[in-house]
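To start, the structure itself, in structure tokens.
The values are calculated or read from the model by the stated rules, or taken from the named source; none is laboratory data. Predicted model, so just to flag it, every value in this text is computed and none were measured. We place every Cβ from the backbone using ideal geometry, glycine too, and count neighbours over all the protein chains shown. Surface areas here come from the heavy atoms of the whole protein model, side chains and all, with no ligands, DNA or RNA. Shrake-Rupley method; radii C 1.70, N 1.55, O 1.52, S 1.80 Å.
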Amino acid sequence: MSTTAEKPAAPDSEPGAAGRTTAGKSQPGTGRRTGKAGRVRRLTRRDKFILAIMVGLPTLIQLLLVWLPTLFSIALSFTRWNGLDLKDIKAAGTDNYRYVVQDYPPFWPAIQHNVLWLVFLALIATPLGLLLAVLLDQKIRGSKIYQSIFFTPVMLSLALIGIIWQLFYNRDSGLLNYLLGTAGTPQAVDWFGNSNVNIWAAMVAATWRHAGYVMILYLAGLKGVDPSLKEAASIDGANAAQTFFRIVFPAMRPVNIVIVVITIIESLRAFDIVYVINRGTNGLELISALVIQNLIGEGQVIGVGSSLAVILLVISLIPIVFYLIRTFGKESKA
């Protein structure tokens, strides 16, 4: 005879219990909260107000500080104006652009210097940042300290970097001439005053900052590479150089595209450092410096300065549009 009694069956659920247990939960496939009656919860006045502030305030700031000045600059580039009285604004058509391209002496040297700046950052500063990233990714002792040291210039403004490097390049008391043994002598090189060498000295100073920025981006990219790819390459007999250039570097393609865009933009917006050195003259002419020279000061020519700004804007948009097309094109295909 069995001593254990059978367990009584669970009573059936009361009618409407299922409805009560699902009330207030998310509807399947909608992700929206429902009320007791199964209705979608609507935004309250407070929610709408907060949402309007969160969306409207940044949009208003962007409109006032970016888009409206951009539109005004484009409009002023087709006018003649001394910047004093609005009544003096006169239509000029494309005369300002024709003058900049054909008759404005500093324009083409500035184009050449911007191209040279781009080539220097692309061939010297960016590979240097990549090298630092690869070395610091080897889990060496004190890696975090080295990263902080190399990243410190990135946190400084280009104007401050220009001041620091002025002390380094000073003709009479600078550290570089002191190391060369020429400080205080007639043989001392005026690194920022000599038009034959000052562009190179300024680009070295810019490299000090740009290399640290590239290093951080590549360090993040190296952390995202699947370690199994490296292991598979080593099993196949690839050495360290082959593994990096054939496996790791191609795997960081998104980071490479970002760094290409950043390098191009940095070469175009290199204004602060040359303006601190000699206001963008005497061998340091850049498009960004020419814009300020024509828009600010006693010899301001608003139309010419605005046309230079528009030219700089168009050139800057080329890498940005390229990056956006590559990014959103991949998302649409996915």
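Close Cβ contacts (under 7 Å, 6 or more residues apart or on different chains) running from residues in region 91-106 that are touching a residue at least 24 places away in the same chain (Cβ under 8 Å) to residues that are open to solvent by less than 70 Å² (accessible area, probe 1.4 Å) and among the aromatic types (Phe, Trp, Tyr) comprise Val100/Phe107.
For region 114-141, the set of residues classified as farther than 17 Å from Ala220 by Cα and open to solvent by less than 30 Å² (accessible area, probe 1.4 Å) consists of Asn114, Trp117, Leu121, Ala125, listed by residue number.
Being within 19 Å of Phe271 (Cα to Cα) and touching a residue at least 24 places away in the same chain (Cβ under 8 Å) is a condition met by no residue of region 77-88. Hey, does region 269-276 have a residue that's open to solvent by less than 30 Å² (accessible area, probe 1.4 Å) and within 16 Å of the chain's Cα centre (by Cα)? Checked against the condition, which is being open to solvent by less than 30 Å² (accessible area, probe 1.4 Å) and within 16 Å of the chain's Cα centre (by Cα), region 269-276 yields at least one hit.
Taken over region 277-297, the criterion of being aliphatic (A, V, I, L, M), in a loop (DSSP other than H, G, I, E, B) and open to solvent by less than 10 Å² (accessible area, probe 1.4 Å) is satisfied by Leu284, Leu286. For Gly38, the requirement of being over 30 Å from Val301 (Cβ atoms) and either of a type in the set (Val, Ile, Thr) or modelled with pLDDT under 90 (or both) is met. Within region 153-185, being surrounded by 15 or more Cβ atoms within 10 Å (Cβ to Cβ), polar (S, T, N, Q) and assigned to a loop (DSSP other than H, G, I, E, B) holds for Asn170, Thr182. Screening Phe72, Phe107, Phe49 for residues that are aromatic (Phe, Trp, Tyr), out of contact with any strand residue (DSSP E or B) (no Cβ under 8 Å at 6 or more places or on another chain), farther than 27 Å from Val301 by Cα and modelled with pLDDT of 85 or more leaves exactly one candidate, Phe49. Checking each residue in region 186-203 for being open to solvent by 60 Å² or more (accessible area, probe 1.4 Å) and not in a loop (DSSP other than H, G, I, E, B) picks out only Trp200.
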